[in-house]
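**Student:** Dumping the structure here so I can ask a few things about it.
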Amino acid sequence: VACHGADGNSASAAFPKLAGQHEQYLLKELKDFKVKPGEKAAVRQNPVMAGIVASLSDQDMANVAAYFASQTPKGGAARDAATVALGQKIYRGGIADKGVPACASCHGPTGQGIPVQFPRVSGQWADYTHAQLTAFEQGTRKNDVMQPIASRLTDTEMKAVADYMAG
């Protein structure tokens with residue numbers, strides 16, 4: 001709660017908002033931060049989260065996921081009016097000539113995601129979403145289907161769609 005807030009609505013864009021996120025998705029992400037038996041590294045790298053989940057049992061992680069999923073998410077707002085149209089275009093229609101599918105095809109028309117498979121992105125901090133897209137694009141985050149998609153986006157396109165999703 002120190003990072004994500006007691007109700008899962010983090011006060012800082014450095015930490016994702018977890019309130020209202022799908023329970024199954026949260027559990028998957030928590031497990032991805034943990035080094036699995038026989039493996040040398042976790043699927044998702046983050047030294048802070050690795051330290052936190054290292055001592056959690058599967059039941060502890062399930063409880064944390066259930067708690068944050070049950071919290072009410074607070075909305076967000078787009079900050080850059082100049083990029084809203086581009087962000088909306090990418091979110092709703094993708095970029096056909098680059099092979100980028102519409103974000104809405106997986107995250108839903110209102111950004112609520114599809115439980116288990118795709119997270120809720122509506123209202124998430126734009127800076128956090130941009131950082132994650134960049135991590136996928138650079139290959140430093142590999143635990144999701146986003147890596148090949150993000151690699152086809154420019155930084156401007158990533159910022160635009162992240163800002164659009166925030167609002």
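**Student:** For region 18-72, with every protein chain kept in place, what is the accessible area per residue (1.4 Å probe, Å²)?
**Tutor:** Working: 3190 Å² over 55 residues.
Here the residues of region 18-72 average 58 Å² of exposed surface.
**Student:** Further question on the same structure: Relative to the longest principal axis of the C-alpha atoms of the chain, give the angle of the C-alpha long axis of helix 84-93, reported between 0 and 90° and rounded to the nearest 10°.
**Tutor:** 70
**Student:** Now, a different point. How tilted is helix 126-138 with respect to the longest principal axis of the chain? Cα atoms for both, answer in degrees (0 to 90, nearest 10).
**Tutor:** Taking the Cα atoms of the chain, the angle to 126-138 is about 90 degrees.
**Student:** Next up: Could you compute the net charge surrounding GLY167? Neighbours are other residues with a C-beta less than 12 Å from the C-beta of GLY167; K and R count +1, D and E count -1.
**Tutor:** Working: positive: ARG79; negative: ASP80, ASP163.
Within the 12 Å Cβ shell, the charges total -1.
**Student:** For region 150-155, just list the computed ³J(HN,Hα) in residue order, Karplus coefficients 6.51, -1.76 and 1.60, θ = phi - 60°, integers in Hz, with x standing in for Gly and Pro.
**Tutor:** Whole-Hz 3J(HN,Hα) from phi for region 150-155: 4, 5, 9, 9, 7, 4.
**Student:** Still on this structure: Enumerate the lysines that LYS159 could reach by cross-link, defined here as Cα to Cα under 25 Å, with residues fewer than 8 away along the same chain left out.
**Tutor:** Filter leaves LYS17, LYS74, LYS89, LYS98, LYS142.
**Student:** Rounded to the nearest 0.05, what FRET efficiency do ALA50 and SER70 have when you use their Cβ-Cβ distance and R0 = 25 Å? Walk me through the numbers on the way to the answer.
**Tutor:** On the way: r = 25 Å, r/R0 = 1.01.
Efficiency computed from Cβ-Cβ geometry: 0.50.
**Student:** May I pose another question? Within region 73-167, which trypsin sites (Lys or Arg not before Pro) sit in a loop by DSSP and count at most 15 neighbouring Cβ atoms inside 10 Å? Before the final figure, lay out the partial values.
**Tutor:** Details: sites: LYS74, ARG79, LYS89, ARG92, LYS98, ARG120, ARG141, LYS142, ARG152, LYS159; in loops: LYS74, ARG79, ARG120, ARG141, LYS142, ARG152.
Loop-located and lightly packed - LYS74, ARG79, LYS142, ARG152.
**Student:** Of all the accessible heavy-atom surface of the chain, with the other protein chains kept in place and a 1.4 Å probe, what percent is carbon and sulfur? Could you put the intermediate results ahead of the total?
**Tutor:** Numbers: 5200 of 8800 Å².
It is 59 percent, rounded to a whole number.
**Student:** Right, another one. So who's got an amide H within less than 5 Å of the one on VAL100, skipping anything under 5 residues away but keeping other chains? H placed 1.01 Å off N, in plane.
**Tutor:** ILE95
**Student:** Measuring from label point to label point, each 7 Å out along Cα→Cβ, what is the LYS36 to PHE15 span in nm?
**Tutor:** It is 2.8 nm.
**Student:** What shape does region 95-139 have by the C-alpha gyration tensor, where a ≥ b ≥ c are the square roots of the eigenvalues, rounded means a/c under 1.5, and otherwise prolate means a/b greater than b/c and oblate the rest? Mind dumping the intermediate values first?
**Tutor:** Values: a/c = 1.71, a/b = 1.08, b/c = 1.58.
It is oblate, given that a/c is not under 1.5 and a/b is not larger than b/c.
The values are calculated or read from the model by the stated rules, or taken from the named source; none is laboratory data. Just so it is clear, the model here is predicted, and its values are computed rather than measured. Note that each Cβ is placed from the backbone with ideal geometry, even for glycine, and that neighbours are counted across all protein chains shown. Calculation scope for accessible area: heavy atoms of the full protein, side chains included, ligands and nucleic acids excluded. Shrake-Rupley method; radii C 1.70, N 1.55, O 1.52, S 1.80 Å.
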